[in-house]
Structures are given as C-alpha cells and as structure tokens.
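Below: the structure, in structure tokens.
Rule-based calculations on the coordinates, nothing more; no lab input. On a predicted model such as this, the values are computed, not experimentally measured, just so you know. We place every Cβ from the backbone using ideal geometry, glycine too, and count neighbours over all the protein chains shown.
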Amino acid sequence: MKNEHIINTLEQQPLNSLSDNQRIAIKTHIADCPACLNAYQAAVIAAEVLQARAGEIIEPTPFFKTRVMAALRAQQTEQVFSFASLWKTARAAVASMLAIVVILLTLNFYMGNSQSAPSEVSENGSIYSAEWVILDNGNNADDWTDEQVLSTLYESR
Amino acid sequence: MWLGAPLLEQSYEHASDLELVSLARKGDEAAFEEIVRRHSPRIFRVASQFFRRREAVEDAAQETFLKAYTQFSSYEERGSFEGWLVRIATNTCINILRSAKRRPEYSISELTKEEDDWLEQRMVDVLDPKQSSVENQLVAADLAEKLLEEVSPDDRTVLTLMDGNELSVKEVAGMTGWSESNVKIRAMRARQRMRQAFEKLLSKKKA
C-alpha cells in the first residue's frame, strides 16, 4: 500500500466498513502523501455529514392516516367524475353516430329488398318477365326453341 | 382468523399483512387504513432520506400508499409486504427528485458561517474525530443536504442509503430494484463526486 494511492479504497466501500488493516494502511500512506491526505479528509467529512443527515427522521403524525384515506376517496371520486364528464362531452357524438348507423341499416334493408328478386309480374300481366324467362329459367333453356324465345320476348313488350 | 369478509375493528390490528392485502384488494378501506397505520413509520423513514421538509416527506409517503393501493394486484406475496412497500417508496422518492427542478439557492459554494466554522474545525481534527454536539449534527446535516442537492437522484440514493444509513449493497439493490453490480458502480461514482466536491471546498478554505 505504501506506494499505492488510497483513493480507490476510499471509493470502493463506505468508510465505516473499512477493516482495521485498511485503516492502518491508509493512515500510514497519508502521512507521506499530501494529495491522499486531502482525499481522505474530504472522504471522512463527506461520510460524517451523510451520517448526520441520515439521522434526521420525520415521524408520521396521527393525522397522516386520515390524510391518505381522504386522498384515496378524492381519487376515487375523481375517477367517477372524469368518466361522467367524458360521457357528458361525448354523448352528442355517440348519439349522432348511432343515428347514422340506424339510418344506414334501414336504407340497406329497404334497398336490399327491392333488388333481391326480379318482379314476378310483368307489365302486360304475364306471370314471368322476358328476362326471367331467358336468364332465370336457364335450367330448361335448352328445351326452348328460338321461336318460343322470340315470341315470349315480343309478347312482353 | 381470516374469514374472507370484513373484520371487526379490533381484528384488523391483529390481522397479518397478507390478510389485510387480500381484504384491501376487495375494496375493504378499513384494511387499507390499517396497512397505512402499520407501515407509515417505515415509509416515513425512507422518505426522510430523500426530503427534509415534513410536507415533502408526507407527500411522498402519501403517493407511496396510493400507488400501493392501485398496484395491490401486482404484489405476488413472495417477498415481504413491507419490502414491496419500501421499494415503491424508494422509487416514488427518486421519481419526485428526478421531476423536481434543481434549486440554485441550495449551492455548496455558499456556506453559512456555522457551516464554514464547522468545516474548519473538522479539517483540524479529521484524524481524531470527537463526539459531535446536537448543534454540530444539525450543521453537518445542512451541509450534507447542500451537497446532495448537487448530485443526481441516483447518486443521492446510494450515498444516503449506503454511506449514511450503512445499508449493504444487497439491501440497497432490494430497495431500488437495481442490480447489485449497478449499485456498486453507482456508489463508487457517487462517492468520487462527493469526495471531489468536498476536496474543492477544503482546498478553497486552505487557500
């Protein structure tokens, strides 16, 4: 230790945890090394002020418990109020969105119904329209002759 | 003892921490009140290491308990409940310090006459320490506070817990949630800064 500086020892562990051997080595070293003496002085004083500060303890008052419970209730009330105020602000938007959804659903329902099947009665009172005969009655379209198709078409006009 | 239902008022005092936590999780405010009553001295001791004004200590302790109330579900019941609370308190205090603005009026370069005299006296008898009076303890604590104001919250934490309160690396790691090697490195760096700050102060006085 005589030729080694003590700064590392001072920084590696708290001063009060130094062993007796380490203390003796430090004191021997600082007797001949002014730079390390300064470092040691600073470390000793730093440790002392920190211990003095650590001794300052503030105890809770009997009212502390009441204070925490009041803060807890205030926090819970605040949460309820924040939800209520959020709803108050957003309810107009939510209501208008709902109305739009209802309108769209209604329109969809009616439009869907009107486009879903061909009209069963044609304008001239025939049961089936020409399109229905040609397109939808494709199952037996092969059985029809050209004449039958043409006459059906002309009859429907 | 625990029946899963609210207890009689006297029973809360005799209930274990785990029983109280189970009840508080279900919204039993009386159980939470007992937790606050039982653990506030320990939480105040932790917060006192970070703040000096009563108001600041009470604010930090209150925030700790409110956080604990909302985080009861994350308490896994493996370690001690007090250890869990202490960790919340330590991290709450560090976060408050991190978010607080530094106060320039608390500067180590501006010492009061008492602090100046105390430092001069200590420089003389540093190799032969004497029992300090209560007044001197107060002056030393003032000086410590000025110095701690100038270091980072993390440095402050390791310095006050390890060098001030003589806690081990393991204990500080448990309180902060940092790894042991991290605590060692931070402590070394913080001691170095603290020592350098004092060396600067002492060299000014010597000059």
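Per-residue mean of foreign Cβ neighbours for A:19-28 is 0 (Cβ atoms of other chains, 10 Å radius).
Mean residue ellipticity, 222 nm, helices only, chain B: the sum of -39500 (n - 2.57) across DSSP H runs of n ≥ 4, divided by residue count and rounded to 500, is -22000 deg cm²/dmol. Here the contact order of chain B, divided by its residue count and restricted to Cα pairs under 8 Å and six or more residues apart, works out to 17 percent.
Can you give the mean number of other chain Cβ atoms that lie within 10 Å of the Cβ atoms in peptide B:183-195?
Numbers: counts 0, 2, 0, 0, 4, 5, 1, 2, 10, 6, 2, 8, 13.
For peptide B:183-195, the averaged partner shielding equals 4.
For chain B, the longest principal axis of the C-alpha atoms and the axis of helix B:81-99 are separated by about 50°. In this structure, the residue pairs whose Cα-Cα separation is over 25 Å, taken from A:65/B:170; A:65/A:88; A:27/B:205; B:184/B:204, are A:65/B:170; A:65/A:88; B:184/B:204.
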